[in-house]
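Nothing in this text is a laboratory measurement; each read-out follows from the coordinates by a stated rule. Treat the numbers as computed from the prediction; the structure is a model and nothing was measured. Don't worry about glycine lacking a Cβ; one is built from the backbone with ideal geometry, like all the others, and counts go over all protein chains shown.
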Amino acid sequence: MKTTIRLTVILIVSVSLAPAFRATAATDDQEKEAILALITRMETAWNRGDFRGYMEGFANPDVIFVSRGQFQEDWQGTLDHYVRDYGASEDTRGHLRFFDIRIEMLFPDTAQLISRYQLDRPQNPQDGINTRLMKKRDGRWVIALNHVSSKEVPCDAATK
């Protein structure tokens with residue numbers, strides 16, 4: 001009798017909680033799609049030379065950006081760095097591609113994104129990994145923390 005009561009209680013609790021789990025999974029999938037859409041917009045902006053458009057994906061002004069073993073100054077400092085180091089021409093900007101993107105929802109308004117990237121260009125092509133803390137602010141996803149670990153690829157290897 002006790003076993004029957006326990007099983008009945010477990011069944012009732014399971015059935016009552018199931019919609020909440022399905023709703024959370026559906027919401028997580030929608031949030032992941034929104035984050036992927038942001039990354040796609042950023043990649044497209046970079047590839048057309050629109051660094052300000054690329055930077056719209058970052059928290060402004062308080063993004064924390066770590067690259068080359070150092071902190072960039074802030075949102076404006078990061079934009080200035082991109083314009084200065086990549087903005088002279090299409091060859092210095094190169095073609096950016098994000099791939100192997102993995103997103104883990106940590107909270108409804110917080111996600112971790114880890115991806116690989118390639119920056120193909122004639123001089124100093126790069127291959128690396130981005131680790132990003134995504135935050136949902138005012139209904140839209142932004143990168144609050146961006147850590148880049150990259151290596152330069154020999155030019156002949158980048159063209160293969």
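Less than 5 angstrom separates the built amide H of ALA144 from those of ALA59, LEU133, MET134, LYS135, all sequence-distant by 5 or more or on a different chain. Annotation note: GluC sites (Glu not before Pro) in segment 70-160 located in DSSP loop regions with a Cβ neighbour count of at most 16 within 10 Å are GLU73. What the phi angles of segment 134-150 give under the Karplus curve with 6.51, -1.76 and 1.60, with θ = phi - 60°, is a coupling list of 9, 10, 9, 10, 6, x, 9, 7, 9, 8, 8, 9, 10, 10, 10, 10, 9 Hz, glycine and proline written as x.
For ASP85 and GLU56, what is the calculated FRET efficiency with R₀ set at 22 Å and r taken between the beta-carbons, to the nearest 0.05? The computed FRET efficiency comes out at 0.70. In order along segment 49-60, phi translates into HN-Hα couplings of x, 9, 5, 5, x, 4, 6, 4, x, 9, 4, 10 Hz, rounded to whole numbers, per the Karplus curve 6.51 cos²θ - 1.76 cosθ + 1.60 with θ = phi - 60° and x for Gly and Pro. Counting every other Cβ atom within 10 Å of each residue's Cβ, TYR82, TYR54 order from fewest to most as TYR82, TYR54.
Once backbone amide H atoms are built at 1.01 Å from N, VAL153 has GLN126, ASP127 as its partners under 5 Å, excluding neighbours fewer than 5 places away on the same chain. If we count every other residue with Cβ under 14 angstrom of ASP91's Cβ, Lys/Arg +1 and Asp/Glu -1, where does the sum land? After counting each charged neighbour, the total is -1.
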